[in-house]
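The values are calculated or read from the model by the stated rules, or taken from the named source; none is laboratory data. Since this is a predicted model, take the numbers as computed values, not measurements. Using ideal geometry, Cβ is built from the backbone for each residue, glycine included, and neighbour counts are taken over all protein chains shown. All accessible areas refer to the heavy atoms of the entire protein, side chains included, with ligands and DNA or RNA removed. Shrake-Rupley method; radii C 1.70, N 1.55, O 1.52, S 1.80 Å.
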Amino acid sequence: MIEIKRITAKADIKKFVKFQQELYQDNTYYVPPIVNDEMSNFDPEKNQVFKNADCWLFLAYKGKKIVGRIAAIINYVEINEQKKSKMRFGWLDMIDDIEVTKALLDKVHQIGKEKELEFVEGPVGFSNMDKAGLLIKGFEELSTMITWYNAPYYKEHLEQLGYEKAAEWVEFKFKPPNPIPEKINKFADIIGRRYKLKTLKFKSTKEILPYVDDMFDLLNKTYSQLVTFVPIQQYQIDLYKEKYLPFINPDFLELVVDEKGKLIGFAITMPSFSKALQKANGKLFPLGFLHLLKAKKKNDRAAFYLIGIDPEYQGKGVTAMMFRNVTQNFIDYGITLCETNPELEDNLAVQASWKNYDPILHKRRRTYRKDIS
């Protein structure tokens, strides 16, 4: 018999977080999050997204054994300002038993019906800045710290239960060219002169801080027309400053400004923390932070995490200026493999950025939706 329990106690939330690690403990492609960071997502005192969101956490039990988990989420910015009558679900994990999956999702539908919402979609987080999408291709590729990993049967379960494709993301991997092709150097120089642009360099994360708010403002402008987009709130910006800025190596950040110093484009890349997080196994102490620190300084893999370009400059070659410098950084640091962040499959403008790197599409992820009846 399957029993679904709503949880609120800290001890149960820890079980909720650690269930995924237990489910994938023998999987060499799974990358565990830091447990305390993951628990903070569900703490209203630490995650200010609860100013505009509600969340219900559920665990599925067979007897005394946990066999699944899910988070039911309502984002009120999305509902009230964007008029999307959507019930979200995320953090979906379960054993290969479709009845467990159905029982968990039924709880989400029940809440959605009570709140008079029209449809359910997921897996997604609280907002665009959280992880999103069910992995449907790339099960034998190393995961990253900003994406969820799951087994192939998740897709099968959802489709058997009548869920349909809502949105889909693609991810690419490529080898940075070494040396930088002369045509990229020339093109970057031409673009800089034509539009009177320049790139900025930083020596420390402290120097980056004054630009962070502008970067998120640019993200809002860059992606505002995409179907899944929810505007980023200031409290989310403050949270991500605290959560992710320490991971950024200043050499891996590229900013482009116009002649007045206005930010018109940026690219955040990071050394890959996937293997370091596997070694940390969910804990920063006693040795986890050392693995992360080592990965930040010495690595042969890197990932693009965020890219923003002012709509006025999109399609004008600004990416050439950023990627020229990024590529040189990769060469200097010995990076031999790079991955992109998930990009909506219809976001062709961003995907065109990789055309000079012979990219390989190695992962796909998808959200699913179903009407609430």
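Numbers below:
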| read-out | value |
| --- | --- |
| Some residue of segment 317-336 being more than 28 Å from GLU182 (Cβ to Cβ) and charged (D, E, K, R) | no |
| Near pairs, Cβ below 7 angstrom, 6+ apart or cross-chain, from segment 21-46 (touching a residue at least 40 places away in the same chain (Cβ under 8 Å) and of a type outside the set (Phe, Trp, Tyr)) to any residue that is open to solvent by 50 Å² or more (accessible area, probe 1.4 Å) and assigned to a loop (DSSP other than H, G, I, E, B) | PRO32/ASN281; ILE34/LEU284; VAL35/LYS283 |
| Tally of residues being among the hydrophobic types (A, V, I, L, M, F, W, C) and surrounded by fewer than 18 Cβ atoms within 10 Å (Cβ to Cβ) across segment 324-333 | 1 |
| Which listed residue, of LYS283, LYS316, is over 23 Å from ASP130 (Cβ atoms), in a loop (DSSP other than H, G, I, E, B) and touching a residue at least 60 places away in the same chain (Cβ under 8 Å) | LYS316 |
| Residue check, VAL35 open to solvent by less than 20 Å² (accessible area, probe 1.4 Å), more than 21 Å from the chain's Cα centre (by Cα) and either at pLDDT 95 or above or under 18 Å from SER127 (Cα atoms) (or both) | no |
| Filter pass, GLU121 being in contact with a strand residue (DSSP E or B) (Cβ under 8 Å, 6 or more places away or on another chain), under 19 Å from THR367 (Cβ atoms), modelled with pLDDT under 95 and open to solvent by less than 30 Å² (accessible area, probe 1.4 Å) | no |
| Residue match in segment 80-93 (condition: in contact with a His (Cβ under 7 Å, 6 or more places away or on another chain) and assigned to a loop (DSSP other than H, G, I, E, B)) | no |
| Among the residues listed as LYS46, LYS86, the single one being at pLDDT 95 or above and of a type in the set (Lys, Arg) | LYS86 |
| Residues of segment 300-318 that turn out to be surrounded by fewer than 21 Cβ atoms within 10 Å (Cβ to Cβ), more than 17 Å from ASN347 (Cβ to Cβ) and not basic (Lys, Arg), as a count | 3 |
| TYR24 open to solvent by 20 Å² or more (accessible area, probe 1.4 Å), under 17 Å from ALA151 (Cα atoms) and aromatic (Phe, Trp, Tyr) | no |
| Matching entry among GLN225, GLN236 (being open to solvent by less than 30 Å² (accessible area, probe 1.4 Å), at pLDDT below 90, of a type in the set (S, T, N, Q) and out of contact with any helix residue (DSSP H, G or I) (no Cβ under 6 Å at 6 or more places or on another chain)) | GLN236 |
| Segment 334-353, subset part of a loop (DSSP other than H, G, I, E, B) and open to solvent by less than 30 Å² (accessible area, probe 1.4 Å), residue farthest from ARG301 (Cα to Cα) | ASN347 |
| Complete set of residues in segment 62-76 that are in a strand (DSSP E or B) and surrounded by fewer than 15 Cβ atoms within 10 Å (Cβ to Cβ) | LYS65 |
| Residues within segment 150-166 that are open to solvent by less than 20 Å² (accessible area, probe 1.4 Å) and either in contact with a Lys or Arg (Cβ under 7 Å, 6 or more places away or on another chain) or polar (S, T, N, Q) (or both), tallied | 2 |
| Hits in segment 80-96 (condition: open to solvent by 30 Å² or more (accessible area, probe 1.4 Å) and of a type outside the set (A, V, I, L, M, F, W, C)) | ASN80, GLU81, GLN82, LYS83, LYS84, ASP96 |
| Residue in segment 41-53 that is nearest to ASP96 (Cα to Cα), counting only those that are in a helix (DSSP H, G or I) and either polar (S, T, N, Q) or open to solvent by 20 Å² or more (accessible area, probe 1.4 Å) (or both) | PHE50 |
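Residue-by-condition table, conditions (1) open to solvent by less than 50 Å² (accessible area, probe 1.4 Å); (2) among the basic types (Lys, Arg); (3) in a loop (DSSP other than H, G, I, E, B); (4) at pLDDT 95 or above:
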{"site": "GLU3", "(1), (2), (3), (4)": "no, no, no, yes"}
{"site": "LYS15", "(1), (2), (3), (4)": "no, yes, no, yes"}
{"site": "MET39", "(1), (2), (3), (4)": "yes, no, no, yes"}
{"site": "CYS55", "(1), (2), (3), (4)": "yes, no, no, yes"}
{"site": "ALA60", "(1), (2), (3), (4)": "yes, no, no, yes"}
{"site": "GLU78", "(1), (2), (3), (4)": "yes, no, no, no"}
{"site": "LEU105", "(1), (2), (3), (4)": "yes, no, no, yes"}
{"site": "LEU117", "(1), (2), (3), (4)": "yes, no, yes, yes"}
